[in-house]
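Each remark here refers to the structure printed beneath this line.
Nothing in this text is a laboratory measurement; each read-out follows from the coordinates by a stated rule. All of these numbers come straight from a predicted model, not from anything done at the bench. Here the Cβ is made from the backbone with ideal geometry for all residues, glycine too, and neighbour counts use every protein chain on show.
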Amino acid sequence: MKNYAGREIPDILLEKGKMSPYNPLITNGLKKKESLSSAERQRQSRKIVDSLEKAVALSGLQNGMTISFHHHFRDGDYVVNYVIDRLAEMGFKHLRLAASSLTNIHAPLIRHIQNHVIDSIETSGLRGELAEAISKGLMDVPVTFRSHGGRAYAISSDQLHIDVAFLGAPSCDPFGNANGYSRDTEDTSACGSMGYARVDANYADKVIILTDHIVPYPNIPFGISQYQVDYIVEIPEIGDKNKIMSGATRYTNNPRDLLIAQKAVDVIAASGYFYDGFSLQTGSGGAALATTRFLREKMIARNIKANFALGGITGQIVKLHEEGLIKKLLDVQSFDLDAAESLKNNRFHQQIDANYYADPFSEGSVVNELDVVVLSALEVDTGFNVNVLTGSDGIIRGAIGGHQDTAAGAAFSIVVAPLTRGRNSSILNHVNTLTTPGDTVDVVVTDQGIAVNPLRPEIIERMKKAHIPLSTIEELKEKAEKIVGIAEALPFEDQIVGIVTYRDGSILDVIRKIRNDH
Amino acid sequence: MDFLKKGLAGTLESGDIFIEIEKSELPGIHIDLQSKVKNQYGKQILLVITETLKEYGIDNVNVKAIDQGSLDCTIRARVTTAIYRGSGKNDYRWE
């Protein structure tokens, strides 16, 4: 037959090949557009919806579905509260909230849980009033805690299916190219990398971007690409950029943290993993972050350069990069505004998503290419198991983050902690909550001594050779007990308030309700 | 030692304990303890306060204790100071 353009098309292609003849009238979307200018087309983008309510209606969200958020604004996040307030007003019930993490600012969720707007939560961590209320039995369904790598894997393998993702973005163009900063304008509420949000954008059924800066097309570089975005809603403010660097990522001048950091650097230097071309990550927490400062001196003294740093990128790490001491930065989450600024300006500072960062089953996950990681801990036990989720009072006040992922992936994992905090010992017989298994932790560094995991005899040898004084983990525990005494068991009840999963989704531990006597 | 007035010692700083001791109409030692580590160390803190009071032969008092994670040595020091201040004595027993 002849197609619309008058060319002869053999029937065999149409019948057996199941192809169709060209016809601009029915080849929808391929017809040449009206002669609108690019600027005009941007103004008419159908993705921009004039209210969140409208976007929610278009997304097809139903009661009982799963909604997701990222936590790149940490304590400065306005998006979670804004969206869930609107969903509550719209009458939604029984939603599952799957956030990459939740912080102090999310206390208003308590009311939405009580009113059954939110029935269950999946997160990396919880802090503040919300965490305390959940520890005291607020929710009927226990919270599922996942590491960043564990969450990425759960989402990409559809064990955690996201129906609608609500992703705050400091910049977005009319077709959905979104990012944590913009090279077009200085005044965005920059959060830097959008590494966790990119997983949601990749796998959610519907993606709604909330932004306070609609910028001209094409918004490059983009963290989230236009083909992943369904709707765009402009709201007055998505977050407070001054609070990105808060809580877990504060810069320390605490002399004890600095002492721990100095010891950790001595351990790194003697570990056998401190070579020209090595790779590193420092976790959040004062002492862990401070190791970067001392590491710099050691790197200069020994003329060693790092091939890459992974993270959780901080201003400290950026400085080393700009000095030429670290060749490349891989950034799933920018810990402060200096890091966000560097991501915008430095060519070898690369944004990566959480699957790329830490998916346990993806070959080339960057955590598996790490030499050294320095991590914080709330509690460590004599089996080198770590707790980063519950405080010494048994109340949830932390996040798994990338702790499990990097401890397992890195060739050499160091956990730093002060021996005692106030009246609490950091070294126990058994951690209250198991978040990182002891066989993935190689060394514990405290201000009062260093213990190497007996599973790593070669490390013990190297430390001895470098004249680094070692203790056993039991000796550290006893040293702490001499100072603080022996704690009584916490008054846990039977109700399970949290499920701690390992990277692969298996259950590592449970968190129980703490007796509410206040 | 007799309590002429309220004996106060300590602060609300982290690692410290604030102690207030006054005479009680009721016999015995009555301690009102607030502590962020009450679940883990409450019994021990009460024991140290009581023992220190007994060392000075003190009975029939109300004690208010606001603990911010203090160690036993701090608790003893603050209680002892509150005792001396409340009783107006200064014949200190230096250790």
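Before moving on, here are some points about what is shown:
- Ranked by how many other Cβ atoms sit within 10 Å of their own Cβ, fewest first, the residues A:Asp212, A:Asp158 fall in the order A:Asp158, A:Asp212.
- Over all projection directions, the Cα-based convex hull of the protein assembly as shown averages an area of 36.0 nm².
- For A:Asp77, the shell of other residues with beta-carbons less than 14 Å away shows a net charge of -1, using +1 for Lys and Arg and -1 for Asp and Glu.
- Acute angle (nearest 10 degrees) that the helix A:79-89 long axis makes with the longest principal axis of chain A, alpha-carbon atoms: 60 degrees
- Straight-distance crosslink candidates among aspartates and glutamates, where the alpha carbon sits under 12 Å from A:Lys479 and sequence neighbours closer than 8 are dropped: A:Asp447
- Partner lysines for A:Lys328 [C-alpha distance under 16 Å; skip if fewer than 8 residues away on the same chain]: A:Lys305, A:Lys319, A:Lys344
- Pairwise alpha-carbon distances in region A:365-518 exceed 23 Å for 37% of all pairs.
- For A:Ser334, A:Ser471, order by how many other beta-carbon atoms lie within 10 Å, fewest first: A:Ser471, A:Ser334
- Gain on full extension, evaluated as 0.36 nm per residue between A:Asn346 and A:Leu25 minus their Cα-Cα distance, stands at 110.8 nm.
- Of A:Lys482/B:Lys36; A:Lys464/B:Lys38; A:Lys136/A:Lys243; A:Lys18/A:Lys54; A:Lys482/B:Lys89, pairs whose Cα-Cα distance is over 29 Å: A:Lys464/B:Lys38; A:Lys18/A:Lys54; A:Lys482/B:Lys89
- Whichever aspartates and glutamates have a C-alpha closer than 12 Å to that of A:Lys477, once near sequence neighbours (fewer than 8 apart) are set aside: A:Glu379, A:Asp381
- Summing Lys and Arg as +1 and Asp and Glu as -1 over all other residues whose Cβ lies under 14 Å from the Cβ of A:Ser471 gives a net charge of 0.
- For region A:248-500, Kirkwood radius (reciprocal of mean inverse C-alpha pair distance, Å): 18.4 Å
- Charge tally in the Cβ shell below 10 Å around B:Leu8, where Lys, Arg are +1 and Asp, Glu are -1, B:Leu8 excluded: +3
- Ratio Rg/Rh, restricted to region A:48-243 and using Cα atoms, in which Rh is the Kirkwood radius: 0.94
- Seen from all directions on average, region A:1-134 presents a Cα convex hull projection of 13.4 nm².
- By the equivalent-ellipsoid construction on the alpha carbon gyration tensor, chain B comes out with semi-axes of 20, 15, 12 Å, ordered largest to smallest.
- Computed FRET value (nearest 0.05) for A:Asp50 with A:Ile220, which takes r as the C-beta separation and R₀ as 30 Å: 0.70
- Size-normalised alpha-carbon gyration radius of region A:306-397, reference 2.2 N^0.38 Å: 1.26
- Ordered by the number of other Cβ atoms lying within 10 Å of each residue's own Cβ, fewest first, B:Met1, A:Met1, A:Met139 fall into the sequence A:Met1, B:Met1, A:Met139.
- Equivalent ellipsoid semi-axes - Cα gyration tensor, region A:96-207, angstrom: 27, 17, 13
- With contributions of -39500 (n - 2.57) from each DSSP H run of at least four residues, the per-residue ellipticity at 222 nm computed over chain A stands at -8000 deg cm²/dmol.
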